[in-house]
Amino acid sequence: MDPIIIMQMVAAGLFGAVLYTIIGVAPGTDETAVLAPVTLALILAGVSPYAILAFFISAITAKKLTDSIPVAVAGIPGGVMAAPMVEPAMVLKQHGLSNLSIKKMASGSVIGTIVSIPVSIGLAMFIMPFADTIVSYEGLIFFSGAVFLALLTKNKLLSLIVIVPFALLIQGLRELYWATGIVAQDTTVFISFFLGITIGPIIFSIFELLNQNTRNSMPRYGYKEIEFKKVVTTERFPNPLKILTRKESISASFGSVLGSLTFFLSPVGMTVFYGELLSRRIKDPVKRASRAISTMDSLTSATYMSGILIPLIAIGLPLSPVAIGPGNALFNAPPVFDIDNNIHHQLTMSEIIVATCIGAAIAMIFTYYIAMKFANQICTFVFKLVPHEALIGLFMGLVLMLAFMDAGWVNLFGVLLIGLVAGLLHRNGVNYGVMFMILYSAPWIMGVFGS
Amino acid sequence: MSNQRKNLVEIWEDHVHIKDLVIAVLLCSVPALGGYMLAPNEPPLPLAIGLGSAFVGFVIACIVIKPKRHLEEIDEE
């Protein structure tokens, strides 16, 4: 491989690790909402696919490592995926062990990442012979995916009912854009609809504020109170295998193998399920919590890695919640990537593996070290200096710009419309996965139901 | 604290002040869109300038808007 390409991958990996070490700490940042727009923008800006992959892998590894830091220090999740860890982390915090909690989580995360890379490659090679068959049923598969995910959501009935109407909204807008000549016949608007769904819940909340009655009846809060425990940090470079007990290492590794096997299912659901399963029988609350957080963190890291690697190596279609959410741009970012020509097609398997290893290694070394040494400082920095308003503003800005890029002024309103609908549905228990699956299968659904 | 008046709403798991939110959204989206449109029409310039200006807007927003969090530091043990 060309040394220049390797340099690019290292640089992209470093950028991803630094950026997402900070974003990972910010409370409540949804993985899809923070990863997808930036990855997309980089792809569209013409960054090489090698660097993009290294960036993305480094970003998810770093984000998974740091989103557990605020859980340990302040009991608030740094991301959706860290939410299941709050309960066991609070047990450790009550026993004055926040310090231990960060180390256990970060070490679990490192083990999960390391174990899941070879497991994912193995699984991908196993799936590869069936890839052509899988790809030829693309529309049907995404539709079945929507139905399947709908059955796993909180509001099953609504999720099932909205499949056709939501597909109608998406295809309807596309047909309108074609009919009025806003976009060329051979261009399918995708990116901005995807982002519209992603920030739908925020758009919906903001629009609710426009209604005087709703505004008056909304619960009002003072400053968010965060109890912050200073943790003791280590000087030397910590060894994850020494921080975890033997049993914890085994259960973390076992968890990451299981997590990789179920790459096509919801990572949060699997984390809660396996985390409970693997720690349930321990009586001592501290030991149980410690086992639970190390296993859970290893699991989320592993499901993330396999969820992106397996579809990327074997299929070339985003067939997992991670690939269809945060990693979507790696599969579909017209005009650079589309379903028939993306990272899967442009890079060989060994190139994908090299980029993945570079990205993961940079994030693990940089972020793991930083997380261990500067946990207090990072939290204080983000909590005190980065206002939540600015984060929301940045993502809104990115979405508006990409909406304009896709189909001009009218599309700002098109994305707004999709965002409002998606936000309303999300509020009522239809999760992102279902809506993304519908977005992918919309042309197929309309082809079947329209004829 | 004096600014403990309850005038914040919860969006996306954190507390925000509505007026500040509007300011932040404007500070980021106006430069993003403006940068994209005013840039010379040679890809990837529009996108790069749009992104850059959005980030500058974000930094300004971080400076002019105060985070609505109150940290209470407790020493371990």
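In this simple spin-label model, placing a label point 7 Å from the Cα along the Cα-to-Cβ direction at both A:GLU227 and A:GLN212 gives a separation of 4.2 nm. Backbone geometry of region A:321-327 corresponds, through the Karplus equation with coefficients 6.51, -1.76 and 1.60 at θ = phi - 60°, to 3J(HN,Hα) couplings of x, 5, 5, 7, x, x, x Hz, x marking Gly and Pro. Pairs of Cα atoms nearer than 8 Å and 6+ residues apart set the relative contact order; for region B:9-63 it is 35 percent. Projected label points at A:LYS373 and A:MET90, each 7 Å from Cα along the beta carbon direction, are separated by 3.4 nanometres.
B:ASN7 to B:PHE55: FRET efficiency via 1/(1 + (r/R0)^6), r the Cβ-Cβ distance, R0 51 Å, to the nearest 0.05? With R0 = 51 Å, the Cβ-Cβ based efficiency is 0.95. Straight Cα distances below 24 angstrom link A:LYS103 to the lysines A:LYS63, A:LYS64, A:LYS93, A:LYS229, A:LYS230, A:LYS242, A:LYS247, A:LYS283, A:LYS287, A:LYS373, A:LYS384, with same-chain residues fewer than 8 positions distant left out.
Each of A:ILE199, A:PHE130, A:ASN342 was placed along the dipole of the protein assembly as shown (beta-carbon charges, centred on the mean Cα), and the one lying farthest toward the positive end is A:ILE199. Proximity of backbone amide H atoms, modeled 1.01 Å from N, is registered between B:ARG69 and A:LYS224 at under 5 Å, excluding neighbours fewer than 5 places apart on the same chain. For the protein assembly as shown, the Cβ-based charge dipole about the Cα centre amounts to some 1640 debye (Lys, Arg positive; Asp, Glu negative; other atoms uncharged). Can you grab the distance from the C-alpha centre of region A:385-424 to the C-alpha centre of region A:94-146, Å, no decimals? Result: 29 Å between the Cα centres. Across region A:98-107, computed HN-Hα scalar couplings (Karplus, 6.51 cos²θ - 1.76 cosθ + 1.60, θ = phi - 60°) run 3, 3, 5, 4, 4, 5, 5, 5, 4, 5 Hz from first to last residue, x flagging Gly and Pro.
For A:PHE228, the residues whose modelled amide H falls within less than 5 Å of its own, excluding neighbours fewer than 5 places apart on the same chain, are B:GLU72, B:GLU73, B:ILE74. Each of the trypsin sites (Lys or Arg not before Pro) that DSSP puts in a loop and that has at most 11 other Cβ atoms within 10 Å breaks chain A; the longest unbroken stretch is A:284-451.
In whole percent, how big is the carbon plus sulfur part of the accessible area of chain A, probe 1.4 Å, protein atoms only? Ligands and nucleic acids excluded, carbon and sulfur reach 68 percent. Measuring only protein heavy atoms, the 1.4 Å probe finds A:TRP178 accessible over about 50 Å². The HN-Hα couplings worked out from phi for region A:211-221 by the Karplus form 6.51 cos²θ - 1.76 cosθ + 1.60 (θ = phi - 60°) are 8, 3, 5, 4, 4, 5, 8, 5, x, 9, 10 Hz, whole numbers, x standing for Gly and Pro. The label-point distance for A:LEU158 and B:ILE18, in a model that sets each label 7 Å from Cα toward Cβ, rounds to 2.4 nm.
The values are calculated or read from the model by the stated rules, or taken from the named source; none is laboratory data. Note that the structure is a prediction, hence the values are computed from the model and not measured. With ideal geometry, Cβ positions are generated from the backbone for all residues, glycine too; neighbour counts draw on all protein chains shown. Note: areas computed on protein heavy atoms with side chains; ligands, DNA, RNA excluded. Shrake-Rupley method; radii C 1.70, N 1.55, O 1.52, S 1.80 Å.
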